[in-house]
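Student: This is the structure, below, for whatever I ask next.
The values are calculated or read from the model by the stated rules, or taken from the named source; none is laboratory data. Treat the numbers as computed from the prediction; the structure is a model and nothing was measured. Neighbour counts run over all protein chains shown; Cβ positions are idealised from the backbone, glycine included.
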Amino acid sequence: MPFTPEEIRIDLMCGRGDDGHWHGTIGVSVDASALWRLGLHPGQPTSAVTGTSPPAWWHAAGERYATRRGQ
């Protein structure tokens, strides 16, 4: 994975909706320095990644996941 556990934070926010039922939302935060490593930063002139690409298994796992979700 391109992020270490210290670089990512996942928050669960729960509450009652207008109808009285409980619902939850997940918020994901990533340190800006971790995004810079992947070439994602405000000074980036284009949408092309300027950092190193994630390993091949990362792309393969994403393709498998996308294929399963399409079924």
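Student: Are any of the residues in region 39-51 at pLDDT 90 or above, surrounded by 12 or more Cβ atoms within 10 Å (Cβ to Cβ) and either assigned to a helix (DSSP H, G or I) or not aliphatic (A, V, I, L, M) (or both)?
Tutor: At the first step, the residues of region 39-51 found to be at pLDDT 90 or above are none.
No.
Student: Filtering region 1-28 down to residues that are surrounded by 10 or more Cβ atoms within 10 Å (Cβ to Cβ) and farther than 17 Å from P54 by Cβ, which residue is nearest to the chain's Cα centre (by Cα)?
Tutor: Only one residue tops the list, namely R9.
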